[in-house]
1. Looking only at region 176-216, filter to residues that are β-branched (Val, Ile, Thr) and not in a helix (DSSP H, G or I); which one of those is nearest to residue 250 (Cα to Cα)?
2. Just the residues that are part of a helix (DSSP H, G or I) and surrounded by fewer than 14 Cβ atoms within 10 Å (Cβ to Cβ), please, taken from region 17-55.
3. Which condition from (1) loosely packed, with under 15 Cβ neighbours inside 10 Å; (2) not in a loop (DSSP other than H, G, I, E, B); (3) not aromatic (Phe, Trp, Tyr) is the one that residue 240 breaks?
4. For residue 251, all conditions in the list (1) crowded, with 17+ Cβ neighbours inside 10 Å; (2) under 30 Å from residue 190 (Cβ atoms) hold save one; what is the number of the exception?
5. Output the number of residues of region 267-288 satisfying the condition of being of a type outside the set (A, V, I, L, M, F, W, C), part of a loop (DSSP other than H, G, I, E, B) and within 25 Å of residue 245 (Cα to Cα).
6. So which residues in region 217-237 are assigned to a loop (DSSP other than H, G, I, E, B) and in contact with a helix residue (DSSP H, G or I) (Cβ under 8 Å, 6 or more places away or on another chain), if there are any at all?
7. For residue 37, indicate whether it is touching a helix residue (DSSP H, G or I) at 6+ places or on another chain (Cβ under 7 Å) and not hydroxyl-bearing (Ser, Thr, Tyr).
8. If you go through region 56-94 one residue at a time, how many are in a helix (DSSP H, G or I), under 20 Å from the mean Cα position of the chain (by Cα) and either of a type outside the set (S, T, N, Q) or crowded, with 19+ Cβ neighbours inside 10 Å (or both)?
Amino acid sequence: MCTPEGIVFDLLSIVPWIKKFGTNPISGEKLEAKSLIKLNFAKNNDGKYHCPVLYTVFTNNSHIVTNKLTGNVFSHEAVEQLNVKTKSYRDLLSDEPFTRQDIITLQDPTNLDKFNVSDFFHVKNNLKVLDPDEEKAKLDPGYHLNSTNMETRETLAELYKDYKGDALLASTMKEPQAKKTDKLNAAHYSTGRVSASFTSTAMTPATEHTADAISDDTVRYSYVKKKGYVRLHTNKGDINLELYCDKVPKAGENFTKLCKKGYYDGTVFHRSIRNFMIQGGDPTGTGLGGESFWGKPFKDEFRPNLSHTGRGVLSMPKPPPMLLNLWEVVNECTLQHEVILSFWSRRDIDLMTLSLLLRCHIDLMTLERPCC
């Protein structure tokens, strides 16, 4: 739930507050429950909130907006590119019409005053609503145990089972929700529950075959049929790059999104080996820092038809999956590096820029680090 000003609240927390105080806990102004807007957040396969259009995972630095009429939540980039610039004010999911005034900003990384907890009305006035569930949980002695050793946990578990029964434990367990399938993400094979329940007495019997759900990334990448193009600006000149997005879509998406994010801005080529390769893309300048766009490693996309077959091939080593290797000659590192792109047509101007980069003086201490 959120207010028309874009302040987000949890439903179970804001409703008791409004019933007791009738104000906005952040600003102290009058607030009614009917003025709250229900938000519809989308989640990816990992259970993280993301933009349902660009599939960008929301972080503390994301610019997030919502449609006041539908409550659908998007990244600011998606609305700006597909609604504002095209002047097509229709919801990107439901296709319902709206106006620009209906766009509410939920999180803007450039406006940090909104998240200054010390300025919140309920903090200044020390106001709070007692949670009935929390008060009930405090009656259990285990609530006050912050950390226990293995022996203590085993003893408490045995006492819990003997005196409170398994029914209470079972009531707290939730069965995982199965992902819904449609004509786009339905697989040609089943989930296997029928055969598993037939051979295992531990499973609930199942008599109906259900199509398994294909991951969102697999569905998205199946529509990628073209290559991508990026221009790399250096102090020695520009290099045009052609990305094999149609063959290695995950690595291609990682590289392009890091570029759009400005991840490589101001970075240096921290390693140069004569007649071999030059490496860069690490914000720390050491070759040991940085992370992928998603904040974690992703599955390798090695392809037998993509190898370091000549001068001017660019690839990503692992780990970490954000460094860039510009190869000078053919080498035998194919199994450790994903080839995701090469120079666009390997034009003479691009190869000349590569030559200028490789001519930089080498640090005599490391014999690898360029000094220019």
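1. Among those that are β-branched (Val, Ile, Thr) and not in a helix (DSSP H, G or I), it is 214.
2. The answer is 19, 20, 33, 34, 35.
3. (1)
4. Single failed check for residue 251: (2).
5. Within region 267-288, residues that are of a type outside the set (A, V, I, L, M, F, W, C), part of a loop (DSSP other than H, G, I, E, B) and within 25 Å of residue 245 (Cα to Cα) number 5.
6. To start, the set of residues in region 217-237 that are assigned to a loop (DSSP other than H, G, I, E, B) comprises 222-227, 235-236.
Within region 217-237, 224, 236 meet the criteria.
7. In short, no.
8. Summing the residues that are in a helix (DSSP H, G or I), under 20 Å from the mean Cα position of the chain (by Cα) and either of a type outside the set (S, T, N, Q) or crowded, with 19+ Cβ neighbours inside 10 Å (or both) in region 56-94 gives 5.
The values are calculated or read from the model by the stated rules, or taken from the named source; none is laboratory data. Worth saying up front: this structure is predicted, and the values here are computed from it rather than measured. Note that each Cβ is placed from the backbone with ideal geometry, even for glycine, and that neighbours are counted across all protein chains shown.
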